[in-house]
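Everything below concerns the one structure shown next.
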Amino acid sequence: MTHPQRTKKRSLNISPVAHCLVWFYALLLIIPLYFLIVSAFKSNSAIFTTPFAPPTSWSFDNFTQAWSQAQMGDGMLSSVLVTVIAEVLTLVLAIPASYAIARSSGRIGSFVEKFFAAGLLIPGLAALVPTVALSILIGLFHTREFLYLFYPASVLPLSVILLTQFMRSVPPELEESAMMDGASRVRIIVSVYVPIISPGIATVTILNFLSFWNEYLFALILGGPDPDIRTVQVALPTLVSQTNTQYGVLLAGALITMIPVYIVYIILNRRLEEALLQGAVKS
């Protein structure tokens, strides 16, 4: 049996070290973000002469120039369409699949789960050439519609694996009670499982949103450079010039692309914390 005073003394010795590590990690995150924000309001000369000093004026000229020069309005609209449609399609496919795997106790269910897990081992670049060939073959190369289909396929393995673990935490008695009341499988998934695993759905939604919104390579190659189709991540590098890049304008554009990410995180933050707490309690 551990002596109470000894346990208290040990926790007191560890606590300052943990606090120092947490604050050090916070500084690693805050310093680049601070540099990004203050530099978005500066000219090139101010960025290089006083990189960490606050701007002398909080003018939004860099933001307006980035918005118009890179046609970020069209890029934002395209990114929103691609992200929302791919997100919805991913959940529509992943939730029933994870339910079937979670409630399957035979070898087929185990094989299907391992099959999805194997998808995590495939590097993204390894699928680039076959994906381009497929898009050309079905006539969807340089179209937004192919991104609607490709993005869900790229994240389905992780989404199904994560949601399956949350599905298994739901007591089977709830499903049996719903079936005795005459509920169908679809009704059981929608009315019983989805509300209970909503923290897991929020976690998957945030992870997929980050993946879809920030993806660049496949959006550039599969979507193409057309201003009406390209996503905001493809539009952002057009602010880079080989001779005279305005870094304040470039960083202002980068800051604009980050705003939707923070909005989504703020909306789903509580659900994500609930998912983390559930994992901590189970462990």
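Could you work out [θ]222 nm for the chain from helices alone, using -39500 (n - 2.57) per DSSP H run of at least four and dividing by all its residues? Round to the nearest 500 deg cm²/dmol.
The helix contribution divided over the chain gives -23500 deg cm²/dmol.
Need the full-extension length gain, Gln165 to Leu217, defined as separation in residues times 0.36 nm minus the C-alpha distance. One decimal, nm.
15.6 nm
Using DSSP H assignments, which helices in the chain have an axial alpha-carbon span of 27 Å or above and a mean Kyte-Doolittle hydropathy of 0.5 or higher?
Qualifying helices, which must be both long enough and hydrophobic enough, are 4-39, 72-102, 144-168, 247-282.
Distance from the Cα centre of the range 173-200 to that of the range 109-162, in angstrom?
Cα centres, the range 173-200 to the range 109-162: 29 Å.
Which label belongs to the value computed from this structure, given these candidates for Cα extents along the principal axes in Å: (i) 69, 69, 35; (ii) 114, 51, 36; (iii) 107, 40, 37?
Computing Cα extents along the principal axes in Å and matching it to (i) 69, 69, 35; (ii) 114, 51, 36; (iii) 107, 40, 37 gives (i).
Computed from the coordinates by the stated procedures, all read-outs in this text should not be read as laboratory data. Values in this document were obtained by computation on a predicted structure and should not be read as measured data.
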